[in-house]
1. Treat each spin label as a single point 7 Å out from the Cα along the C-beta direction, and report the Asp101 to Asn83 distance in nm.
2. Would you check the accessible area of Glu9, probe 1.4 Å, heavy atoms only, in square angstrom rounded to 10?
3. Quick one: net charge around Ser180, please, counting Lys, Arg +1 and Asp, Glu -1 for every other residue with C-beta under 12 Å from its C-beta.
4. Under the 0.36 nm per residue contour assumption, what length would be gained going from the current alpha-carbon distance of Asn169 and Asn44 to full extension?
5. Compute the whole-percent fraction of alpha carbon pairs in segment 1-96 spaced more than 21 Å apart.
6. To the nearest 10 square angstrom, what accessible area does Phe74 show with a 1.4 Å probe?
7. If R0 is 30 Å, what FRET efficiency do you get for Asp71 and Asp108 from their C-beta distance, rounded to 0.05?
8. Dipole of segment 68-181, Cα-centred, from +1 at each Lys and Arg C-beta and -1 at each Asp and Glu C-beta, to the nearest 20 debye?
Amino acid sequence: MEEILLEFEELEILRSKKRWKLYFVILTEHPTEKDKWVMTTVPNENHGVIQLKPRAENKIYFEPQDAVGADGLFVFDRPMPENRRVKVRVFLRHSRENMRDAGQILSDVENALGKDTFGQVTNLLGRSNPWLVIGQEAVQKVGKILANIKDRDFGLITMDEEFGPEFENQSELDRMNNFSTGDARLVWSWATRKK
């Protein structure tokens with residue numbers, strides 16, 4: 001069986017301010033139910049936020065720079081979809097608090113979406129933290145709901161991937177893009193592996 005793995009490798013904030021308390025909101029297709037998506041936060045509630053201080057010069061390297069075979073910040077893994085395509089949306093947020101309760105964010109989205117949600121599950125996509133299951137039609141509403149949480153919005157990146165011939169000769173490919181606001185840049189990697 002073939003699996004796909006998503007990791008974040010490097011984040012750069014493209015603003016002059018030097019202190020940040022960051023977290024990601026991840027949305028992706030449910031691995032087994034085609035009409036549903038799932039949502040979580042990274043880091044999860046056990047870690048709160050990623051603190052970036054002035055000495056870091058607005059950059060964080062999730063993958064060690066000089067370590068061969070090192071991994072970045074694990075986001076999720078899942079079986080390869082039949083069509084070899086996966087859809088992922090990632091929001092970057094700056095918390096106004098020292099700790100951000102991931103469970104509360106999921107509950108806020110769940111309450112706002114109402115009947116378009118199907119509860120929270122754990123141990124999904126290789127992660128033990130909770131995932132909120134939402135209907136496919138509700139995905140477009142998540143950004144507006146997040147905007148009502150009083151944290152700074154760095155925008156959205158779409159990380160959709162089609163695992164084509166470029167993955168035949170190498171099992172991992174790096175991608176890079178700016179978030180929709182232009183205030184941050186992320187490097188991530190998609191990898192395939194046999195299980």
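1. If labels sit at Asp101 and Asn83, their model points lie 3.9 nm apart.
2. The accessible area comes out at roughly 10 Å².
3. Here the count lands on 0.
4. Full extension of this stretch gives 41.6 nm more.
5. Across segment 1-96, Cα pairs with separations above 21 Å total 43 percent.
6. Probe radius 1.4 Å; accessible area of Phe74 about 60 Å².
7. Efficiency computed from Cβ-Cβ geometry: 0.45.
8. Roughly 500 debye for segment 68-181.
The values are calculated or read from the model by the stated rules, or taken from the named source; none is laboratory data. Not measured: the values here are computed from a predicted model. Cβ coordinates were reconstructed from backbone atoms using ideal geometry, including for glycine residues, and neighbour counts include every protein chain displayed. Protein only, heavy atoms only, side chains kept; ligands, DNA and RNA dropped before computing areas. Shrake-Rupley method; radii C 1.70, N 1.55, O 1.52, S 1.80 Å.
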